[in-house]
Amino acid sequence: MPRLSVLSGPSGVGKGTVVAKVRSLYPHIWVSVSCTTRAPRPGETDGVEYRFVSRDRFRELAERGQLLEHAEYAGNLYGTPRGPVEEQLAHGDPALLEIELQGARQVRAAMPEAFLVFLAPPSWPELERRLTGRGTEAPAQLAARLERAKVELAAEHEFDAVIVNDDVERAAAELVDLIEAQCR
Ligand code: 5GP
């Protein structure tokens, strides 16, 4: 049975961009679509980057055990729908999640065989620059993300592999190589 692969790492490191590259260049790699209670950013489409749901709906999904993992992040809830991931693995196909650290730890606890990959920034100043430069966050939310990113950087040693995101295409290719090596 193929292993579930998880890409995690601090906010702003470019997990979303690397996974978008995987989606466009390696469409045979199935990527889970998370549920979130945060509002869509400009350019985001419901069902593509996320399924955008209300807090009530999110709580209902969590209470019914329909989320493989879930976490609160900078005031919003995020979770991985369980069914599609289990179906994918049952078919013998690899699956990829892109989630923050608390979720990655929940996956580790629930599925010890999962393969956890940490996406690291080239340096802390570079990460700070990326987090500040996005310009889509209110100041309080940005401060929360910076604080959290510092704590998350220290978690690198909990992971099975580390990819440095100095070049998005190279990082995506490295991730796909690692995922495919798990299936051999
Ligand atoms: P953003 O709001 O910038 O899209 O995502 C914020 C954080 O939530 C990112 O670190 C992203 O990886 C994480 N995230 C996205 N989906 C999930 C999920 O389903 N579960 C968890 N635990 N984190 C998620």
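Some notes on this structure:
- Considered as a group, the residues in region 7-26 that are part of a helix (DSSP H, G or I) and within 8 Å of the ligand (Cβ to nearest atom) include one that is farthest from Glu158 (Cα to Cα), and that residue is Gly16.
- Matching residues, region 139-170, being part of a loop (DSSP other than H, G, I, E, B), in contact with a Phe, Trp or Tyr (Cβ under 9 Å, 6 or more places away or on another chain) and open to solvent by 70 Å² or more (accessible area, probe 1.4 Å): Asp160
- Any strands (runs of 3 or more DSSP E) falling wholly within region 43-135 and containing at least 3 residues that are within 11 Å of the ligand (Cβ to nearest atom) and closer than 28 Å to Arg170 by Cα: 76-81
- Region 89-107, residues that are more than 11 Å from the chain's Cα centre (by Cα) and open to solvent by 70 Å² or more (accessible area, probe 1.4 Å): Ala90, His91, Arg105
- Residue within region 50-71 that is of a type in the set (Asp, Glu), in contact with a helix residue (DSSP H, G or I) (Cβ under 7 Å, 6 or more places away or on another chain) and more than 27 Å from Pro122 (Cβ to Cβ) present: yes
- If the condition is being over 21 Å from Ala144 (Cβ atoms) and either modelled with pLDDT under 95 or more than 12 Å from the chain's Cα centre (by Cα) (or both), then region 20-40 contributes Ala20, Lys21, Val22, Arg23, Ser24, Leu25, Tyr26, Pro27, His28, Ile29, Trp30.
The values are calculated or read from the model by the stated rules, or taken from the named source; none is laboratory data. Keep in mind the model is a prediction, meaning the values are calculated, not measured. With ideal geometry, Cβ positions are generated from the backbone for all residues, glycine too; neighbour counts draw on all protein chains shown. Remember, those area values only see protein heavy atoms, side chains included, never the ligands or the DNA or RNA. Shrake-Rupley method; radii C 1.70, N 1.55, O 1.52, S 1.80 Å.
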